[in-house]
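Please read the structure below before turning to the comments.
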Amino acid sequence: MPPNPKYLPPFSLEQQMVLALVPKFTAIPSIVGSVYIVQHVLRSRKRRQRTYHRLLALMSAMDFIYAIKVFLSTWINPEGTGYLASGTTQTCAAAGFLGHGGSLSSIMYNGSLTLYYLLTIVFSWRLDKVKRIEPLLHGLPLAIGWSTAFATLPMDLMNPIGWTCWIGYFPVTCNVNPNLECTRGINASIYRWAFFHIELWLCFLFSAFAMVNIYFRLRKNEIAVKKYEFESQAERSFEADESIQAPQSGRSLMNRRSTTGRNHHGLSSRKHKKHKLSRRFGSQAAFYILAFFLSWIFPMVMFLVAEVTGYLLYPLLVTTVVFNPMQGFFNCLIYIRPRYIRYREGRRDASPSSVGNTPSRVPSHIQCLRSAVELAAIDDEDELERIEESDSGKDTVELVENVADRTIEWKDQGQAKDNPRSTNE
């Protein structure tokens, strides 16, 4: 126990007003963003069938529940326990239950989404293979989040902690004040770690580990693609030189090499497209992880400092009520980002207008944003599915060369049978 601990300092009326009112403004964007993601997924049959969209929709539903609880802030606290507090012990317990289940489930869903990107990018899992473990990606977040929330109810752990209701002692500071007897929330500090902070820190460390691995994997792919493109270019240049010097009798060999070269070019183009898509997936994964970090780093540091020093620092508390409720809003921006970029780049690269040779006007940011949020907008997952369907496990250079060689060989044999005279000559 730290010396002279004061877990909840006696904040001034102005400070209490800030803590009570700020969450009402920061939670609203998260509520709107979470609702948009959920409806955008549910209204599209194609998206409802994808692991990525289902993970994001359920994570957004958990963010919505948590943002609603944060928006209520001190309204749910028992009357007399803070600024604007007008609730009861029951409303505090109910809101704390919903907020805990929603927030911890959302945290665990961040881990599931990170694992999804880790498997598809680093371990090159196909989407149909990821779908086999999807029940686990949903089951763990929901089971851990809501089982711990239900466990708090019979132990009376949900109590007012100043700016909201969560796992805490009641009356506040009764655990460190010998003149106060705790009537609720016995051993609350232990259950905070057992029911929340351990899971939060594990997801945080796993996300950091995944982010590093995704970066190095994309870096390795970048080097491999550049090397492959260089070797393909050198091989095409060599074949072009040979075709100039080749005699007429070696034309069939040149045809075979030309066919192989075209297949090389097709593979190179597809590899480049798939690599570009992997980079987009990597950027999306990084942004989702950064949104998770930005939303939860301040409460993590705040409670860690409080456990070590015994003091709850007001600046950390303000940054917590500002950033912590906004993960739903951050996720919404990240969710529409690929479609926004795709639409803007597509219009920028559009062919010149029919009048004159002047290029078509680049659309404004508002136009791009409007197109990105439409239900029919194309996702990166659409392109990845098309690539996986076209691959069918046969897009290796050796196999293409083998097929091309055998095709030319059969043609040569057919011509020899049809024209034996030329063969004798």
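The values are calculated or read from the model by the stated rules, or taken from the named source; none is laboratory data. Since this is a predicted model, take the numbers as computed values, not measurements. Heads up, the Cβs are rebuilt from the backbone with ideal geometry, glycines too, and the neighbour counts pull from every protein chain shown. Each accessible area value is taken on the protein alone, full model and side chains, heavy atoms only, with ligands, DNA and RNA left out. Shrake-Rupley method; radii C 1.70, N 1.55, O 1.52, S 1.80 Å.
Inside segment 303-315, residues that are surrounded by fewer than 19 Cβ atoms within 10 Å (Cβ to Cβ) and assigned to a helix (DSSP H, G or I) make up a count of 7. Consider segment 115-131 and keep the residues that are open to solvent by 10 Å² or more (accessible area, probe 1.4 Å) and not hydrophobic (A, V, I, L, M, F, W, C). The one that is nearest to the chain's Cα centre (by Cα) is THR120.
Okay, residues lined up against (1) under 21 Å from THR74 (Cα atoms); (2) aromatic (Phe, Trp, Tyr):
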site	(1), (2)
PHE293	no, yes
PRO299	yes, no
PHE303	yes, yes
TYR314	yes, yes
THR319	yes, no
PHE323	yes, yes
MET326	yes, no
CYS332	no, no
TYR335	no, yes
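With respect to (1) aliphatic (A, V, I, L, M); (2) more than 15 Å from ILE167 (Cα to Cα); (3) in a helix (DSSP H, G or I), the lone exception for LEU104 is condition (2). Of the residues in segment 220-229, not one is at pLDDT 85 or above and either under 30 Å from MET59 (Cα atoms) or touching a Pro at 6+ places or on another chain (Cβ under 9 Å) (or both). Of all residue pairs spaced 6 or more apart or on separate chains, those with beta-carbon atoms under 8 Å, a first member in segment 164-178 that is closer than 20 Å to MET17 by Cβ and a second member that is among the aromatic types (Phe, Trp, Tyr) and open to solvent by 40 Å² or more (accessible area, probe 1.4 Å) are VAL172/TYR7.
Every residue, every condition in (1) within 25 Å of LEU113 (Cα to Cα); (2) at pLDDT below 95, yes or no:
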residue	(1), (2)
ARG262	no, yes
LEU267	no, yes
ARG270	no, yes
LYS273	yes, yes
ARG279	yes, yes
GLN284	yes, yes
ILE289	yes, no
PHE292	yes, no
SER295	yes, no
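Given the criteria assigned to a helix (DSSP H, G or I), under 22 Å from LEU290 (Cβ atoms) and out of contact with any Leu (no Cβ under 7 Å at 6 or more places or on another chain), does SER73 qualify?
Here the answer is no, as SER73 does not meet what is asked.
All conditions but one from (1) at pLDDT 90 or above; (2) of a type outside the set (Lys, Arg); (3) farther than 22 Å from ASN110 by Cα apply to HIS40; the one that does not is (3).
Does segment 152-172 hold any residues that are hydrophobic (A, V, I, L, M, F, W, C), open to solvent by 10 Å² or more (accessible area, probe 1.4 Å) and part of a loop (DSSP other than H, G, I, E, B), and which are they?
Residues satisfying the conditions are LEU153, MET155, ILE161, TRP163, VAL172.
With under 26 Å from TRP296 (Cβ atoms), open to solvent by less than 30 Å² (accessible area, probe 1.4 Å) and out of contact with any helix residue (DSSP H, G or I) (no Cβ under 7 Å at 6 or more places or on another chain) as the only criterion, which of ALA194, ALA149, ALA188, ALA143 stands out?
Details: ALA194 fails: open to solvent by less than 30 Å² (accessible area, probe 1.4 Å); ALA149 fails: out of contact with any helix residue (DSSP H, G or I) (no Cβ under 7 Å at 6 or more places or on another chain); ALA143 fails: open to solvent by less than 30 Å² (accessible area, probe 1.4 Å).
When all the criteria are applied, what remains is ALA188.
Entry remark, segment 61-102: residues being open to solvent by less than 10 Å² (accessible area, probe 1.4 Å) and among the β-branched types (Val, Ile, Thr) number 1 in total.
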